[in-house]
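Enquirer: Pasting a structure here, questions to come.
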Amino acid sequence: MDAFAKNLKLRAQTLELSNAEVAERVNLDTRRYGHYVTGRSEPDLGTLCRIAEALKTTPNQLLDFPDAEHNPQVSRLIAACLYLNETQVEMLINFAEASLKRKP
């Protein structure tokens with residue numbers, strides 16, 4: 001969770017927002033938001049999404065998860081999946097999961 005706290009601070013600094021301003025935009029108590037910034041606690045999913053929106057970013061970026069748009073291969077796979085039916089998507093998921101379990 002240290003990465004999340006660090007990313008909250010950096011993103012707010014980039015937007016020149018104080019903790020109080022972010023908390024107000026997200027409709028949170030300043031103290032509660034302060035706990036997120038210091039890493040003492042973690043927000044629930046809904047709160048995380050509201051914070052990301054207020055900071056004009058994504059939950060993935062705040063959590064240091066890679067975004068699909070930064071990986072061209074993942075972007076291609078997602079784009080292809082949009083044209084598959086439910087059965088085909090399930091088969092693709094099963095294939096990917098089986099590939100992960102397979103030893104090289």
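Every number in this text was worked out from the coordinates using simple rules, so none of it is lab data. As the structure is a prediction and not an experimental result, all values here were calculated from the model. Here the Cβ is made from the backbone with ideal geometry for all residues, glycine too, and neighbour counts use every protein chain on show.
Enquirer: Determine Rg/Rh for the chain; Rg is computed over alpha-carbon atoms and Rh is the Kirkwood hydrodynamic estimate from the same atoms.
Expert: For the chain, the value is 1.13.
Enquirer: Let me know the charge dipole size of the chain about its Cα centre in debye, to the nearest 20, where only the beta-carbon of Lys, Arg (+1) and Asp, Glu (-1) is charged.
Expert: 300 debye
Enquirer: When 1/r is averaged over all different Cα pairs and the result inverted, which Kirkwood radius in Å belongs to region 2-62?
Expert: It is 11.0 Å.
Enquirer: If the cut-off is a Cα-Cα distance under 18 Å, which aspartates and glutamates reach Lys101, setting aside same-chain residues fewer than 8 apart in sequence?
Expert: Excluding near neighbours in sequence, the set is Glu90.
Enquirer: Here is a further query. What are the GluC sites (Glu not before Pro) within region 8-104 that DSSP puts in a loop, where the Cβ has at most 16 other Cβ atoms within 10 Å?
Expert: Glu16
Enquirer: Going by alpha carbons, how many degrees (0 to 90, nearest 10) lie between the helix axis of 72-81 and the longest principal axis of the chain?
Expert: Compared with the principal axis, the helix lies near 70 degrees.
Enquirer: Under 14 Å from the 7 Å Cα→Cβ point of Thr30, by amide nitrogen: which residues of region 1-18?
Expert: 18
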